Amino acid sequence: MQKHRGARRAKGQYFGPFASAGSVTRTLNALQKLFLLRSCSDSYFENRSRPCLLYQIKRCSAPCVGRISEADYDELVDDAKNFLSGKSTGVQARLSKQMAEAAEKQDYELAAVYRDRLRALTYIQGSQTVHAEGLGDADVFALACKAGTMSIQGFFIRGGQNWGHRAFFPAHTSDVPEAEVMSSFLVQFYEDMPPPKRILVDREVADTEVLEEALSERAGRRVAIEIPKRGDRKKLLDQARRNAEEALDRRLAEATTQGKILRELADTFELPDVPKRIEVYDNSHIMGTNATGAMIVAGPRVSARTAIASSTSSGPRRIQATITR
């Protein structure tokens, strides 16, 4: 199991999308404890002569050196696929049965292994607080608008399980109808993301039929855009709308706080206007060598931007990294 971003050229079975790289990492860590599948490359796997550290910390079953039979490893792979496809109940029942059998045979070390795997399963299920049972594969989007700013909350459901949520803040939307904003957002979102079978939205979308046709052609199957009116799907959409409103309130509060600080800064230094961009510089060296200069930039909707320039004996060198909110 490994993270993947971009075109699906490598062979294998893909699951996603997840809300963020962080949610993928947290899920992978839990899945390693749960299914003990290898995460190494094929070349690394083929050249092992002894188990790696992941086996020692019980995050891999070490198929590279035969610590698990091929049949048993295939079973773990099938369990992982079933779980990621939404069939977690059967996996949980089997783990519980295996733990009970190990305890009955007084093999408490093996029982502890099954116990830890059950805990990992519980952790993953516990993080899926959105009720999406029976929904299959779907994305849920709700829009909130206030003070000329919009927020779109997305829930990502795969196999009836919540794979995370994320808030988006479309720019340049002050004079654009909400239906067009949602339509444009969906076009851009699925530009490099495979659409699920069902997309739930909380309002009418501009050119719905054209958008459905385009997404269906991209996916190679029918993609439906729906507005639920009742039942669990409506409750799910209502929850997404509440999340969108809360995310928008936080965004506006942050902007208000930042504006207040900048106004106070302008008053303190008697500036003619509120600063739109602030740059901070710092230079350092080690006993006259390895000179390094850093610049930090703060501005609207930018948390930090750093540019580091270092000087070495071989001549000047420049490295730049950007972090945006």
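The values are calculated or read from the model by the stated rules, or taken from the named source; none is laboratory data. Remember, predicted model here, so these are calculated numbers, not experimental data. Heads up, the Cβs are rebuilt from the backbone with ideal geometry, glycines too, and the neighbour counts pull from every protein chain shown.
Results, tabulated for the structure shown:
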| quantity | calculated |
| --- | --- |
| Checking residue 81 against (1) out of contact with any Pro (no Cβ under 6 Å at 6 or more places or on another chain); (2) assigned to a helix (DSSP H, G or I); (3) free of Cβ contacts under 8 Å to residues at least 60 places away in the same chain, the condition it does not meet | (3) |
| Number of the condition not met by residue 127 [criteria: (1) within 19 Å of the chain's Cα centre (by Cα); (2) at pLDDT 80 or above; (3) surrounded by fewer than 17 Cβ atoms within 10 Å (Cβ to Cβ); (4) among the polar types (S, T, N, Q)] | (2) |
| Top-ranked residue of the range 229-254 - restricted to ones that are without any contact (Cβ under 8 Å) to a residue 60 or more places away in the chain and farther than 19 Å from residue 141 by Cβ, ranked as surrounded by the most Cβ atoms within 10 Å (Cβ to Cβ) | 254 |
| Unique residue being at pLDDT below 85, of a type outside the set (Ser, Thr, Tyr) and assigned to a helix (DSSP H, G or I) when the list is 241, 250 | 250 |
| Residue match in the range 41-48 (condition: over 26 Å from residue 115 (Cβ atoms), basic (Lys, Arg) and either within 20 Å of the chain's Cα centre (by Cα) or not in a helix (DSSP H, G or I) (or both)) | yes |
| Pick from the range 192-202, criterion part of a loop (DSSP other than H, G, I, E, B) and closer than 19 Å to residue 232 by Cβ, ranking: farthest from the chain's Cα centre (by Cα) | 202 |
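Conditions (1) surrounded by fewer than 16 Cβ atoms within 10 Å (Cβ to Cβ); (2) at pLDDT 80 or above, marked per residue:
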residue: 8; (1), (2): yes, no
residue: 20; (1), (2): yes, no
residue: 23; (1), (2): no, no
residue: 31; (1), (2): no, no
residue: 36; (1), (2): no, yes
residue: 45; (1), (2): yes, yes
residue: 48; (1), (2): yes, yes
residue: 54; (1), (2): no, yes
residue: 57; (1), (2): yes, yes
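Conditions (1) modelled with pLDDT under 90; (2) out of contact with any Lys or Arg (no Cβ under 7 Å at 6 or more places or on another chain), marked per residue:
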{"position": "155", "(1), (2)": "yes, yes"}
{"position": "162", "(1), (2)": "yes, yes"}
{"position": "186", "(1), (2)": "no, yes"}
{"position": "195", "(1), (2)": "yes, no"}
{"position": "230", "(1), (2)": "yes, yes"}
